[in-house]
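Peer 1: Mind having a look at this structure? Questions to follow.
Values quoted throughout were computed directly from the atomic coordinates according to the rules given, and no laboratory measurement underlies them. Because the structure is a prediction, the values reported are computed rather than measured. Note: ideal-geometry Cβ built from the backbone for every residue, glycine included; neighbour counts use all protein chains shown.
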Amino acid sequence: MTNQLHAPAASAPSARRGQLKAQAYKELKRLLLMRGFGPEAFLSEREFARRLNMSLAPVRSAIERLAAEGLILVSPQRGIQVSEPSNREIADHYELRTVLEPFVCRRIAGRLNPDQVQRLRGNIEALDVGAGIDRFMEIDTGFHIMLAEFYGNGEITRAMTQLRDKITRVIVRAFEETPERLAAGIQEHRQIAEAVINGEPDLADKLMLEHIQSGMKSVLPSGAWR
């Protein structure tokens with residue numbers, strides 16, 4: 001009986017450690033994806049901990065997860081470096097997206113329930129060039145992942161989430177260098193959403209394919225396109 005009474009108190013520190021690990025992972029991942037660290041720099045656990053204002057333990061856990069996801073490279077001799085995809089890897093990413101995302105749009109066109117329609121329109125209305133690149137990227141990414149979630153294939157959703165994480169730094173750089181793509185992207189998202197909501201699978205497929213191809217052209221030199 002005594003052990004049972006003391007069990008909840010004993011679990012509190014463990015729960016707190018879990019929360020700190022999750023927080024460190026989320027914040028460090030955001031900094032990495034939003035180009036908070038340059039690709040040329042070799043960083044340390046202590047530098048990450050300083051930026052996050054956290055102790056080393058949760059930061060080390062976050063580093064392990066991010067390395068497993070391929071977002072950073074860890075060298076015992078040189079330190080930690082942000083992974084930057086090659087042009088070939090970027091082209092591979094967009095090629096896979098041209099297969100997955102138009103397919104998803106075609107399959108869900110005209111099949112959304114009222115709550116899904118409301119969520120999709122809410123996402124479109126939230127996209128704002130003046131919101132700042134961090135917020136814009138959060139909503140932009142949410143649009144693509146949301147469509148996959150509506151389709152309901154967990155493997156496609158996981159694949160798209162992983163793909164998006166690996167390419168976000170490249171997309172952010174493209175938006176910074178060609179800010180006109182922000183406004184164009186908003187219009188493209190709006191057209192895709194309306195085609196999906198209105199039950200136009202051919203149009204939804206076509207618009208999503210064109211949207212992905214436009215994004216590819218903004219991040220890759222012409223010689224690297226497939």
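Peer 1: Please give the length that would be gained between D202 and S86 if that part of the chain were fully extended, namely 0.36 nm times their separation in residues minus their C-alpha to C-alpha distance (nm, one decimal).
Peer 2: Extending this stretch completely gives an extra 38.5 nm.
Peer 1: I've got another one for you. Over the chain, calculate the relative contact order: mean separation of alpha carbon pairs under 8 Å at least 6 apart, over the residue count, as a percent.
Peer 2: Result for the chain is 25 percent.
Peer 1: If you line up the long axis of helix 133-151 against the longest principal axis of the chain, both from Cα atoms, how many degrees apart are they, to the nearest 10?
Peer 2: So the inclination is approximately 70 degrees.
Peer 1: According to the square roots a ≥ b ≥ c of the eigenvalues of the Cα gyration tensor, what is the shape class of the chain, taking rounded for a/c under 1.5, prolate for a/b larger than b/c otherwise, and oblate for the remainder?
Peer 2: In terms of gyration-tensor shape, oblate.
Peer 1: What residues have an amide H closer than 5 Å to that of L43, excluding those fewer than 5 places away on the same chain, when H is modeled at 1.01 Å from N in the peptide plane?
Peer 2: When sequence neighbours closer than 5 places are left aside, the close amide H contacts are I80, Q81.
Peer 1: Still on this structure, I have one more. Tell me which residues come under 5 Å, amide H to amide H, from I72 once H is placed; ignore anything under 5 positions away on its chain.
Peer 2: For I72, the qualifying residues are A67, S83.
Peer 1: Could you tell me the calculated FRET efficiency between K217 and A126, based on Cβ-Cβ distance and R0 = 25 angstrom, to the nearest 0.05?
Peer 2: 0.45
Peer 1: Here's something else I'd like to know. Pull out a ≥ b ≥ c, the square roots of the eigenvalues of the alpha-carbon gyration tensor of the range 121-206, then state rounded if a/c is under 1.5, prolate if not and a/b is larger than b/c, and oblate in the remaining case.
Peer 2: oblate
Peer 1: What is the angle, in °, between the Cα long axis of helix 87-108 and the longest principal axis of the Cα atoms in the chain? Nearest 10 is fine, range 0 to 90.
Peer 2: Compared with the principal axis, the helix lies near 70 degrees.
Peer 1: Okay, next question. Rounding to the nearest 20 debye, state how big the charge dipole of the chain is about its Cα centre with +1 on each Lys and Arg Cβ and -1 on each Asp and Glu Cβ.
Peer 2: Using only the charged Cβ atoms, the result is roughly 840 debye.
Peer 1: I've got another one for you. Within 12 Å, Cβ to Cβ, of P58, how many net charges do the neighbouring residues add up to if Lys/Arg are +1 and Asp/Glu are -1?
Peer 2: +3
Peer 1: Only Lys, Arg, Asp and Glu count, each charged at its Cβ (+1, +1, -1, -1), so figure out the dipole size of the range 2-82 about its Cα centre, rounded to 20 debye.
Peer 2: It works out to roughly 160 debye.
Peer 1: Reachable aspartates and glutamates from K26, Cα under 15 Å, same-chain residues fewer than 8 places away excluded?
Peer 2: E64, E69, D134, E138, D165
Peer 1: Would you please classify the overall shape of the range 1-131 from the alpha carbon gyration tensor, given that a ≥ b ≥ c denote the square roots of the eigenvalues, rounded means a/c under 1.5, and beyond that prolate means a/b larger than b/c while oblate covers the rest?
Peer 2: Verdict is oblate for the range 1-131.
Peer 1: What is the projected area of the convex hull of the Cα atoms of the range 163-226, averaged over all directions, in nm²?
Peer 2: Projected over every direction and averaged, the Cα hull of the range 163-226 covers 4.9 nm².
Peer 1: Less than 28 Å apart at the alpha-carbon level, and either on another chain or at least 8 residues along: which lysines does that give for K206?
Peer 2: K166, K217
Peer 1: Calculated FRET efficiency, T178 and A12, Cβ-Cβ r, R0 41 Å, to nearest 0.05?
Peer 2: So the FRET efficiency works out to roughly 0.25.
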